[in-house]
Amino acid sequence: MTDDRTILRGLFDAAVEAANPAKAVARNLPEKPKGRTVVIAVGKAAVPMAKAVEDNWHGPLEGLVIAPHGYTHNLQRLRLIHGSHPVPDKTSLAAAEQALALAATLGPDDLLIALISGGASALMSKPVPGISIEEKFGLVKAVLKCGANIGELNCVRKQVSAIKGGRLARAAGRARIWTLALSDVPGDDPAIIGSGPTVADPTRKKDALAILARYGVPVPQSIEAWLKSPDDDRAIHSAHTEARVVVSPHESFRAVRSKAEAQGLNVLYLGDRIEGEAREVAKVHAAIALEIADRDAPVKRPCLLLSGGETGVTVRGKGRGGRNVEFLLALAIALGGDKRITALAADTDGIDGMEQIAGAVIDPTSLDRARALGLDPMGFLENNDAHSLFERLGDQVITGPTHTNVNDFRGILIR
């Protein structure tokens, strides 16, 4: 059992290592421009992505790097500032204003290299005129809690933003724009990654209104009025734009699969696009795991059941939760302490929900150990308080900042 926990942690670490963006960025740099080269890097992988440009760009280079608070750097030519994640604050507003001001200095002979990774939406945030930062940030917080998926969340963000949905590219005028993205979203759509600040946005205000209505999210009057007004002009002026996804969950899971098979495990990979309510996704995973354990089907034991994507959590309680630990606690309850199954679920960025914890691990003793401490697993689940339970059990997965983000890792080992 201890060995299985160690195996799963090693596989998670392999997923994180495979998502290191430095080599991918170096392989995908553009040709030099006649004029200036300006970098705007934003997201949880902003520092290593920017460092890869510094190390491989021979010529003048300037720009701005926006990372979460607490992230350190070894940058020499690019300036680092910090923003807030997952809920933006005034530092996120200041970061957005600096990025827009820098982009506005570019001319037609200049090049903007935009380095975008998960977390960019919160780290660089500025509302459209007429909407206060408190109203915008409050709306984002409400959508985060309602169970919307990442595409829906970013659609709402883009429709009330002065920088997302291609607006940073619009600020850059006719400069050449080269976007390199590290994907943390199902489907790897550059328009969704970081809310696509340099990518044309196919969504419109009516789409955001429909999402808010679907989830019953209260909307301040100023935001409702904005979303009911005609769509603004968001055309990108540059005739030379390119967006490439240089790192995605696919590469990470391919590395995990290779490592698992080398350890004698059969792998059933469910894909990296799984979405839905975390506890409901857990029930489906539990059913598949028990089928494998009982019948050696659809694959034989020993087996690694592997999946990625981004689930959601509809927050009803007042606990310390996150989508990975909510999934894992619901999984443990559904498995009922089955002696053949151990599992780990964690976010590759090292942060699950609002906590600086990547996720957690369960084994056949998890429920019994919780009850021996007088803890009710179902009560913790209903209060969205899985982080507190796993903290009491000593079963949290803690990595610190990983400086990457290709979404969630879910590994279930069946003997």
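Derivation of every value follows stated rules applied to the coordinates shown; laboratory data play no part. Everything numeric here is computed off the predicted structure, so don't read it as measured data. When we count neighbours, we look across all protein chains shown, and the Cβ atoms used for this are built from the backbone with ideal geometry, even at glycine.
Rounded, prolate or oblate: pick one for the range 125-233, where a ≥ b ≥ c are the square roots of the eigenvalues of its C-alpha gyration tensor, a/c under 1.5 means rounded, and failing that, prolate if a/b is larger than b/c, else oblate. In terms of gyration-tensor shape, oblate.
Each label point was placed 7 Å from the Cα along the Cα-to-Cβ direction; for residue 104 and residue 26 their separation is 3.7 nm.
Per-residue counts of other Cβ atoms within 10 Å, averaged by peptide: what ranking do you get for 226-238, 140-152, 259-271, highest first? Working shown, then result.
On the way: 226-238: 13.2, 140-152: 18.8, 259-271: 15.4.
Peptide ranking by packing, descending: 140-152, 259-271, 226-238.
For the range 184-193, backbone phi angles converted through the Karplus equation (6.51, -1.76, 1.60; θ = phi - 60°) give residue-by-residue couplings of 10, 10, x, x, 6, 7, x, 6, 9, 4 Hz, Gly and Pro being listed as x. Distance between the pseudo-spin-label points of residue 145 and residue 81 (7 Å out from Cα toward the beta carbon): 2.9 nm. Per-residue 3J(HN,Hα) values for the range 7-18, derived from phi via the Karplus relation 6.51 cos²θ - 1.76 cosθ + 1.60 with θ = phi - 60°, read 4, 5, 5, x, 5, 4, 4, 5, 5, 5, 4, 5 Hz in sequence order (x marks Gly and Pro). Among 90, 318, 126, a tally of other beta-carbon atoms within 10 Å of each Cβ gives an order, fewest to most, of 318, 90, 126.
Proximity of backbone amide H atoms, modeled 1.01 Å from N, is registered between residue 39 and 62, 63, 64, 113 at under 5 Å, excluding neighbours fewer than 5 places apart on the same chain. Among residues other than residue 166 with Cβ under 12 Å from its Cβ, the summed charge is +2 (Lys and Arg +1, Asp and Glu -1). With neighbours defined as other Cβ atoms within 10 Å of a residue's Cβ, the residues 349, 363, 338 order from fewest to most as 338, 363, 349. Our coupling estimate for the range 378-387, obtained by passing each phi through the Karplus curve with A = 6.51, B = -1.76, C = 1.60 and θ = phi - 60°, is 5, x, 5, 5, 5, 8, 6, 10, 5, 4 Hz, Gly and Pro reported as x. Stretched out straight at 0.36 nm per residue, the stretch from residue 365 to residue 294 would grow longer than its current Cα-Cα span by 23.6 nm.
Computed over the Cα atoms of the range 259-415, the ratio of the radius of gyration to the Kirkwood radius (Rg/Rh) comes to 0.95. For residue 133 and residue 391, the FRET efficiency from 1/(1 + (r/R0)^6), where r spans their Cβ atoms and R0 equals 30 Å, is about 0.35. Size descriptors for the chain, from the alpha-carbon set: Rg then Dmax equal 21.7, 69 Å. Here the label points at residue 174 and residue 240, each 7 Å from Cα along the C-beta direction, are separated by 1.2 nm in the simple model. With contributions of -39500 (n - 2.57) from each DSSP H run of at least four residues, the per-residue ellipticity at 222 nm computed over the chain stands at -11500 deg cm²/dmol.
Determine the equivalent ellipsoid of the range 31-247 by diagonalising the alpha-carbon gyration tensor, then write out the semi-axes as square roots of 5 times the eigenvalues, largest first, rounded to whole Å.
Values: eigenvalues 160, 65, 44 Å².
So the equivalent ellipsoid measures 28, 18, 15 Å along its semi-axes.
Of the peptides 172-178, 52-58, 66-72, the ranking by mean beta-carbon count within 10 Å, highest at the top, reads 172-178, 66-72, 52-58.
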